[in-house]
1. Identify, from the list B:50, B:56, the residue that is more than 10 Å from chain A (Cβ to nearest Cβ) and in contact with a Lys or Arg (Cβ under 9 Å, 6 or more places away or on another chain).
2. Could you list, in sequence order, all residues of the range A:66-95 that are outside any loop (DSSP other than H, G, I, E, B) and either more than 8 Å from chain B (Cβ to nearest Cβ) or of a type in the set (A, V, I, L, M, F, W, C) (or both)?
3. How many residues are farther than 18 Å from residue A:93 by Cβ and surrounded by 19 or more Cβ atoms within 10 Å (Cβ to Cβ) if we restrict to the range B:209-238?
4. Under 8 Å by Cβ, and 6 or more places apart or on different chains, what pairs join a residue from the range B:200-215 that is within 8 Å of chain A (Cβ to nearest Cβ) and on the phi > 0 side of the Ramachandran plot with one that is surrounded by fewer than 20 Cβ atoms within 10 Å (Cβ to Cβ) and not basic (Lys, Arg)?
5. Condition (residue is closer than 21 Å to residue B:218 by Cα, touching a residue at least 40 places away in the same chain (Cβ under 8 Å) and not β-branched (Val, Ile, Thr)) applied to the range A:75-88: is it met by at least one residue?
6. Which of the following residues is part of a helix (DSSP H, G or I) and either over 23 Å from residue B:186 (Cα atoms) or within 14 Å of chain A (Cβ to nearest Cβ) (or both): B:15, B:45?
7. Looking at B:159, B:139, B:117, which one is assigned to a helix (DSSP H, G or I), more than 20 Å from residue B:235 (Cα to Cα) and within 20 Å of the chain's Cα centre (by Cα)?
Amino acid sequence: MKHTLHSVVFGLFLASTAAIADDMPTFRLLMKDGRIFPETLEVPANTRFRLEVKNEGPGATEFESLELKKELVLAPGVTRTTVFAPMKPGTYKFFDDFHPETGQGRIVAK
Amino acid sequence: MGNAFFVVWRESLEAFLIAGILYAWLQGNDSSGKGKRALYIGLAAGVGLALLLGWALLTVQDELTGNALEAFQIGTLLIAAGLITQMVLWMRKNGRQMKARLHADLAAAAEKSGFFGVAVVAALAVAREGAETVIFLYGMSQEGDYSALIGGALAGFAGAGATAWLAAKSLARLNIALLLRLSSILLLVLASALFVSAIDRLIGAGWLPPMLDPVWDTSMLIDDTTKAGKLVADFSGYRARPALTTLLAWAGYWLLVVIGYRRTRP
């Protein structure tokens, strides 16, 4: 019984380190001059991934998407990362809430 | 300049609206002046908090601190939504008897806690969106675009102040019963929007399962990715493509409010 408990604990430990170990794909997004590069970001569907958003300025930006339920405020020169849960295939719009006229982009999950 | 105006107006409108409604309500219900003092103290504390939070947002880069910041922001959303709701119920209970009670000097303690609530709500309202305004203005100052910064920002603040003043003035014109009811509804809708936004961000951070997502798509009616649609979403909690979890949370919120309303018959 005690042995089983130990192996369960060990298994959990392994599982948790596996979750921490980084096998998540990372995608990069650049915000600059009120625009977003690239405007269309292709990601694998049904896969957890990390997005690294960098604001090269000038001016602050806010990566936002009600559809994706994300909101990241970035001062100029700041890089922030956020993890996305696995997505169904489809197109998801996001925008720069501080530059709504020019900063429009979309994530396409395939 | 036009963009700076719009961003500052939108970001500060919520705080101005909450402050305006509270002011209108206190004007009609509290002649002691203590409530208004609590409101001013709360607003001032909110400005300080906004600067602090803005500074944190400026310096945070790594993912772990980013997550902590996200958790903190979600926390402030939840607390603000809860406190506003509680305050509306408190106002409903105390609205009519308050003057009488003041003379009787009976419920001094209950009143104190109520005014404390007013101060905290005002502070949170300013701090939340204020922090984003701080970042936005900081970014503009980095651009060296001072004329646009000062012009746009001042016009934005003034515009939001005027919008809220207009709302408060038109509310104050109504009779007390109607003022109470309308301002309550406005505040509750705002609180529900904050709550929805907190739930959405919990889902976005992976701390809550979305369940079915989306349940439906009404972006043909009101598209929340447009400028105007986003404004509607920010202030009412509307979502064109809500997740089931968000929908249930929203329905649960209003159910609790209706039950609370029934229980606190004035």
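The values are calculated or read from the model by the stated rules, or taken from the named source; none is laboratory data. Since we're looking at a predicted model, the values are computed, not measured. All Cβ positions, even for glycine, are placed from backbone atoms using ideal geometry, and neighbour counts span all protein chains on display.
1. After ruling out the rest, the residue left standing is B:50.
2. A:72, A:73, A:74, A:83, A:84, A:90, A:91, A:92, A:94, A:95
3. 1
4. Taking only residues 6 or more apart or on different chains, the pairs are B:206/A:83; B:206/A:85.
5. yes
6. B:45
7. Selected residue: B:117, the only one of B:159, B:139, B:117 that is assigned to a helix (DSSP H, G or I), more than 20 Å from residue B:235 (Cα to Cα) and within 20 Å of the chain's Cα centre (by Cα).
Conditions (1) crowded, with 21+ Cβ neighbours inside 10 Å; (2) at pLDDT below 90; (3) within 15 Å of residue B:204 (Cα to Cα), marked per residue:
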| residue | (1), (2), (3) |
| --- | --- |
| A:38 | no, no, no |
| A:42 | no, no, no |
| A:54 | no, no, no |
| A:57 | no, yes, no |
| A:67 | yes, yes, yes |
| A:74 | yes, no, no |
| A:86 | no, yes, yes |
| A:89 | no, no, no |
| A:95 | yes, no, no |
